[in-house]
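As structure tokens, the structure follows; a few thoughts come after it.
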Amino acid sequence: MENLAEFDQLDDLQLGGWSLWQNSRFFRFGTDGVLLADFARVNPKEKLMDLCSGTGIVPFLLLARGDCQKADALELQPYLCRLMERSAEYNRCTDRVKIIEGDLCKIQELAQGGSYDVVTVNPPYEPMGRGILGSNPRRELARREVACNLEQILSAAAYLLKPQGRLVLVHRPFRLPELMELMRKHRLAPSRMQLVQGHAEERPALVLVEGIYQSKRELVVEPNFILHRQDGEMTDALLKIYRRERKE
């Protein structure tokens, strides 16, 4: 049997000494999680739930920066939950992050409805039947809609949110028509959207979307976010996110 602990790694978040435990046999966080945490615009008084949390990059970044005081994180895979627990211990914030191990398709058994101000989610991007399944089932759970699909995620978010609460997610642009249709179905009015490009001359690779529950807010499309300059270095906009300091 594979000893997963051999592949554990503590990664420095470059933010006031905060670090995150990860494992190379699972899907590790990327720039999309960092962008999502920034795009969410959470304030310390708001109650947050992060769905499909993985190793918890979004809630731990928000806690480290002082954007929120407490956060809940829901994750299906037990080993990732154990890693989040280790991260909470390492960062001395066990009293500020609640790790929930469970299936978001059974959200009513796991959390109280209508009790969150913000729900964030970096979901599986690929629907079943598109592309070739990878050989690592642990990574496929994060990459592909094996355990839950987009509608189930939006349904769970709508259940969790207070009226006027915000869902904030990152996804692939090719899913936008489906995403917008399902958000409307679950009374999540699209309110902000931003496309993300690797370079200025490339097509967008990601889209960040905010929806407000039980609202009629108009959609604001923000300027595209460019990750890298022509020379391959990070743009000032991306550097600003990575260099953000903790709020006092």
TODO: Of the conditions (1) within 15 Å of the chain's Cα centre (by Cα); (2) closer than 26 Å to Asn43 by Cβ, Tyr159 clears all except one; give me its number.
DONE: (1)
TODO: Could you grab the pairs with beta carbons closer than 9 Å, sequence gap of 6+ or different chains, first residue in the range 203-215 and modelled with pLDDT under 95, second one assigned to a strand (DSSP E or B) and surrounded by fewer than 20 Cβ atoms within 10 Å (Cβ to Cβ)?
DONE: Ser215/Pro163; Ser215/Gln164; Ser215/Ala189; Ser215/Ser191
TODO: Determine the pairs where a residue that is under 13 Å from Gln152 (Cα atoms) and without any contact (Cβ under 8 Å) to a residue 12 or more places away in the chain, located within the range 177-193, has a partner that is assigned to a helix (DSSP H, G or I) and of a type in the set (A, V, I, L, M) with Cβ atoms under 7 Å apart, the partner being 6 or more residues away or on another chain.
DONE: none
- [ ] Residue by residue through the range 104-117, note down the ones that are exposed (fewer than 15 other Cβ atoms within 10 Å of the Cβ) and among the charged types (D, E, K, R).
- [x] Lys106, Glu109
Open item on the list: Quick check on Leu4: is it closer than 24 Å to Ala147 by Cα and either under 13 Å from the mean Cα position of the chain (by Cα) or surrounded by fewer than 24 Cβ atoms within 10 Å (Cβ to Cβ) (or both)?
Closed with: yes
Task: Among residues of the range 80-101, those that are under 16 Å from Cys52 (Cβ atoms), of a type outside the set (A, V, I, L, M) and in contact with a helix residue (DSSP H, G or I) (Cβ under 6 Å, 6 or more places away or on another chain), counted - done: 1
- [ ] Output yes when any residue across the range 83-106 is under 12 Å from the mean Cα position of the chain (by Cα) and either at pLDDT below 95 or closer than 27 Å to Pro173 by Cα (or both), and no when none is.
- [x] no
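The values are calculated or read from the model by the stated rules, or taken from the named source; none is laboratory data. Everything numeric here is computed off the predicted structure, so don't read it as measured data. So basically every Cβ, Gly included, is an ideal-geometry build from the backbone, and we count neighbours across all protein chains shown.
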